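Before any comments, here is the structure.
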Amino acid sequence: MSNRDKQMELKDKIVKGLDKVYERLLEFKKEKKSELVIMQGGKIVKIKPE
């Protein structure tokens with residue numbers, strides 16, 4: 001396995017981990033009924049997760 005293949009495999013694992021964290025964050029925000037702060041169009045916006 002080349003160095004590039006190892007980097008791609010690591011990148012895939014990191015992206016999957018970030019997706020999982022994002023899903024858990026949304027579940028937590030829904031459970032606590034709190035706002036989610038995001039950046040949208042260069043502005044900071046607070047939204048309610050549904």
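Overview of results
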{"quantity": "Length-normalised contact order for the chain - Cα pairs under 8 Å, 6+ apart - percent", "calculated": "24"}
{"quantity": "HN-Hα J in Hz across the range 24-31 - Karplus 6.51, -1.76, 1.60, θ = phi - 60°, x for Gly and Pro", "calculated": "5, 4, 5, 4, 5, 5, 5, 4"}
{"quantity": "About the Cα centre, charge dipole magnitude for the chain (Lys/Arg +1, Asp/Glu -1 at Cβ), debye", "calculated": "180"}
{"quantity": "Using θ = phi - 60° and Karplus 6.51 cos²θ - 1.76 cosθ + 1.60, couplings along the range 4-17 (whole Hz; Gly, Pro as x)", "calculated": "5, 4, 5, 5, 5, 5, 5, 4, 4, 5, 5, 5, 4, x"}
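Values quoted throughout were computed directly from the atomic coordinates according to the rules given, and no laboratory measurement underlies them. Computed from a prediction, not measured in an experiment: that's the story for all the values here. Counting neighbours? That spans all protein chains shown, and the Cβs are built from the backbone with ideal geometry, glycine included.
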